[in-house]
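The values are calculated or read from the model by the stated rules, or taken from the named source; none is laboratory data. If you're wondering where the values come from, they're calculated on a predicted model, not measured in any experiment. Positions of Cβ are backbone-derived with ideal geometry, glycine not excepted, and every protein chain shown enters the neighbour counts.
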Ligand SMILES: [Fe+2]
Ligand SMILES: [Fe+2]
């Protein structure tokens, strides 16, 4: 039986995703809404998956592990950014401040290298002024913007993505559960 290249790439993606998911704190992102009715967790998985897919489609020579991990953790800020009383209310605009918080949290929980740090810290460019330094960071920065817009207008974003990327039934249930707090 011939295994298609895309199936191999999906397996690679899953293996990095599962490694990151070993820290249960990562699943905490499911408590917070990112856009529309999409949780931060589902958003992060989608940004990572489609960044990886885009890089493969463009046949770019990328650091796969860093691209996938950096994208998975790019919004690892772990608070409800819609809430009136959020932890950052005295520090500044969520859009500008959350990449730094995500990087701080990611460094606490994972070994983050320079490329992964750049992906996380620069993903809000041009709202944050320093541009991404690596092609992997540019891809994540672009895909994040496209998917964020899609989530705002979609009622059921990524309905099928959990079937594709998550093996474990319990985690699939957590990720696909729709939160509706607003
Ligand atoms: Fe973000
Ligand atoms: Fe994002």
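For region 14-49, which residues satisfy the criterion of being part of a helix (DSSP H, G or I) and within 15 Å of ligand 1 (Cβ to nearest atom)? Answer for region 14-49, where residues must be part of a helix (DSSP H, G or I) and within 15 Å of ligand 1 (Cβ to nearest atom): 29, 40, 41, 42, 43, 44, 45, 46, 47, 48. Looking across region 64-82, the residues that are in a helix (DSSP H, G or I) and within 15 Å of ligand 1 (Cβ to nearest atom) come down to 70, 71, 72.
Do we have residue 55 as at pLDDT 95 or above, within 10 Å of the chain's Cα centre (by Cα), closer than 17 Å to residue 141 by Cβ and outside any strand (DSSP E or B) here?
On the way: at pLDDT 95 or above: yes; within 10 Å of the chain's Cα centre (by Cα): no; closer than 17 Å to residue 141 by Cβ: yes; outside any strand (DSSP E or B): yes.
So residue 55 does not fit the description; no.
Tell me, yes or no, whether region 23-33 has at least one residue that is without any contact (Cβ under 8 Å) to a residue 12 or more places away in the chain, under 21 Å from residue 142 (Cβ atoms) and either surrounded by fewer than 22 Cβ atoms within 10 Å (Cβ to Cβ) or more than 16 Å from ligand 2 (Cβ to nearest atom) (or both).
First, the residues of region 23-33 that are without any contact (Cβ under 8 Å) to a residue 12 or more places away in the chain: 24.
So of that shortlist, the ones also under 21 Å from residue 142 (Cβ atoms) come out as none.
Among the residues of region 23-33, not one is without any contact (Cβ under 8 Å) to a residue 12 or more places away in the chain, under 21 Å from residue 142 (Cβ atoms) and either surrounded by fewer than 22 Cβ atoms within 10 Å (Cβ to Cβ) or more than 16 Å from ligand 2 (Cβ to nearest atom) (or both), which makes the answer no.
Could you say whether any residue in region 64-87 is over 20 Å from residue 161 (Cβ atoms) and surrounded by 21 or more Cβ atoms within 10 Å (Cβ to Cβ)? The answer is yes, given that some residue of region 64-87 is over 20 Å from residue 161 (Cβ atoms) and surrounded by 21 or more Cβ atoms within 10 Å (Cβ to Cβ).
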